1. Go through (1) at pLDDT below 95; (2) in a loop (DSSP other than H, G, I, E, B); (3) within 22 Å of A:Arg305 (Cα to Cα) and name the single condition B:Pro13 misses.
2. Any residue at all in region B:86-99 that's in a strand (DSSP E or B), more than 24 Å from A:Gln379 (Cα to Cα), touching a residue at least 12 places away in the same chain (Cβ under 8 Å) and open to solvent by less than 50 Å² (accessible area, probe 1.4 Å)?
3. Which condition does B:Cys102 not pass, out of (1) within 14 Å of another protein chain (Cβ to nearest Cβ); (2) under 24 Å from B:Gln11 (Cβ atoms); (3) within 16 Å of ligand 2 (Cβ to nearest atom); (4) open to solvent by 10 Å² or more (accessible area, probe 1.4 Å), if it passes all the others?
4. Does region B:62-75 contain any residue that is open to solvent by less than 30 Å² (accessible area, probe 1.4 Å), within 30 Å of A:Leu319 (Cβ to Cβ) and either at the interface with chain A (Cβ under 8 Å from one of its Cβ atoms) or in contact with a Cys (Cβ under 6 Å, 6 or more places away or on another chain) (or both)?
5. Restricting attention to region A:145-163, does a residue exist that is part of a helix (DSSP H, G or I) and surrounded by 15 or more Cβ atoms within 10 Å (Cβ to Cβ)?
6. Go through region A:197-214 and give me each residue that's more than 12 Å from ligand 1 (Cβ to nearest atom) and either under 21 Å from A:Asp293 (Cα atoms) or under 16 Å from the mean Cα position of the chain (by Cα) (or both).
7. I'm trying to understand the selection: among the residues of region B:54-90, which are more than 16 Å from ligand 2 (Cβ to nearest atom) and either touching a His at 6+ places or on another chain (Cβ under 6 Å) or of a type in the set (Lys, Arg) (or both)?
Amino acid sequence: MDKRYYFDHAATTPIDEKVFQEMEPFLTEEFGNPSSIYQEGQKANQTIMEAREKVQDLINAEDSREIIFTGSGTEADNLAIKGVAMALKDKGKHIITSEIEHHAVLHTCEFMEKHLGFDVTYLEVDGDGFIDLEDLENSIRDDTILITIMMANNEIGTIQPVKEIAEIAKDHEVYFHTDAVQAAGQIEVDVQELGVDLLTLSAHKINGPKGVGALYVKKGVKLIPQMNGGAQERKRRGGTENLAGIVGFGKAAELARKRLPEKQKKLIKLRDKIISNIEENISKAILNGPRGDKRLPNNVNFCFRYIEGESILLNLDFLGIAASSGSACTSGSLEPSHVLLSLGMSHEVAHGSLRISLGYNTTEEEVDYLLDKLPGVIQKIRDMSPLYDG
Amino acid sequence: MYSDKVMDHFQNPRNVGKMEDADIIGEVGNPTCGDIIKVYMKIEDDHIKDIKFSTFGCGAAVATSSMVTELVKGKSLDDALKVSKDQVAEALDGLPPAKMHCSNLAADAIKDAIEKYRSDSEEKDEE
Ligand SMILES: Cc1ncc(COP(=O)(O)O)c(C=O)c1O
Ligand code: FES
């Protein structure tokens, strides 16, 4: 295959070689069931414990028992919202979230409204994707039981003021869950420093395997299990553990923690190079999301006026470049990205969106290649557009 | 997800561009996802002498625009009106189900142009 230039690390990341090496024995000879009492089982059990401690370290949890392994980030979001809602339903049935959450949170909240009689407030965001803390505080009611606001947005990279949100939640004695799937491995995530009650992680966004996630649940937080079965995960998530996946997650968490400072420095430099280069070389390019340290180090998102995103992606793909778009034409639902619309953008402008997301192994040469090709691609499509006049 | 034919027409669209001296311009917007196709025609003796298009839309929208201009070029207006969206899709070796609506767009733009042309000439005849 010709060289590929992968700029979609927010969608998923390649499994790190070191992660794979750790996983391999557990896909072959080390097959014991962690619940079994004989040696093979106990070895497996011990291995999971070690992985749990590595995930604990990544987010600086007080105790490794606060980590519940799940089958995905999506499952962890579901467990957080449904688990807290069920545990506290006698106290109240109101949840606060934001308009720009990932579907794993948004659709779960809609499910709670539709099927379980909960009331959900969807906070609006400003033009850069930030929620308003005053809005948040004003929307808290006597029957509010949970606030769920993502730490960093997967499309536009906006980093929410999670610590301030946690303080407000604490003042009003409401649980606070944050989806940190995009934040972990990109920025410092310290659950004790942040003061969150629940936090979601996913392995495949940090060079770990797909199909494994985790929910951090602070000691004392009430949560009703959503997957009933065996006594795994201290009875909070039934089902024989994805042993190899969890081992891979543990290794990925360890590497993510070690690499963070260096990776951050490198990606911020590349990110800002991409942003300033596009702004210099392509007319009518609008940056989506904030600039500077309130933006994820690995995220770039632009709207190019007069053109449509799928056309951009297909043209880039011919050139070996993989990226993503929030265009209606790429969405399956034929609706533009709800995140871009929430920023106040028209359907037409949202159409021309392009997300470029970097990974720890992205090189400057790859970025230069992208920046060399992109203006020509945008021009080629603009030349076909009825909305564009030279 | 797209056939080789679709990709070929997307990468090398036939008859793409604007026409300064068009006799008529057809235009449709896609109610499903908000895209726009414009076709520009030169008409002689009730035949489509030349045709160009411009499209603001996905890969399928570009490819169907390109294909439909190929299919109607040189045809009489009556024959051009008979070109259906299914024919366009078939000529492209099919479209993914989620993209069938894009082929409506291209055929509708042709219809729009021809209908406009005919009502314009009726008006002229009345003058
Ligand atoms: C912010 C956010 N939350 C949740 C998820 C879902 O994670 P997973 O793919 O592990 O289900 C994603 C990944 O797409 C995400 O970006
Ligand atoms: S033009 Fe939007 S999906 Fe084809």
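1. (1)
2. First, the residues of region B:86-99 that are in a strand (DSSP E or B): none.
Checking region B:86-99: not a single residue is in a strand (DSSP E or B), more than 24 Å from A:Gln379 (Cα to Cα), touching a residue at least 12 places away in the same chain (Cβ under 8 Å) and open to solvent by less than 50 Å² (accessible area, probe 1.4 Å).
3. (4)
4. The answer is yes, given that some residue of region B:62-75 is open to solvent by less than 30 Å² (accessible area, probe 1.4 Å), within 30 Å of A:Leu319 (Cβ to Cβ) and either at the interface with chain A (Cβ under 8 Å from one of its Cβ atoms) or in contact with a Cys (Cβ under 6 Å, 6 or more places away or on another chain) (or both).
5. Yes: one or more hits.
6. Once the filter is applied, which keeps residues that are more than 12 Å from ligand 1 (Cβ to nearest atom) and either under 21 Å from A:Asp293 (Cα atoms) or under 16 Å from the mean Cα position of the chain (by Cα) (or both), region A:197-214 yields A:Leu198, A:Asn207.
7. Across region B:54-90, the qualifying residues are B:Lys73, B:Lys75, B:Ser76, B:Lys82.
Here's the yes/no breakdown for (1) under 11 Å from the mean Cα position of the chain (by Cα); (2) open to solvent by less than 50 Å² (accessible area, probe 1.4 Å); (3) more than 10 Å from chain A (Cβ to nearest Cβ):
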{"position": "B:Pro13", "(1), (2), (3)": "no, yes, no"}
{"position": "B:Met19", "(1), (2), (3)": "no, yes, yes"}
{"position": "B:Ala22", "(1), (2), (3)": "no, yes, yes"}
{"position": "B:Ile25", "(1), (2), (3)": "yes, no, no"}
{"position": "B:Val28", "(1), (2), (3)": "yes, yes, yes"}
{"position": "B:Asp46", "(1), (2), (3)": "no, no, yes"}
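The values are calculated or read from the model by the stated rules, or taken from the named source; none is laboratory data. Computed from a predicted structure; not experimentally measured. Here the Cβ is made from the backbone with ideal geometry for all residues, glycine too, and neighbour counts use every protein chain on show. For the accessible areas, the whole protein counts, side chains as well, though only heavy atoms, and no ligand, DNA or RNA atoms are used. Shrake-Rupley method; radii C 1.70, N 1.55, O 1.52, S 1.80 Å.
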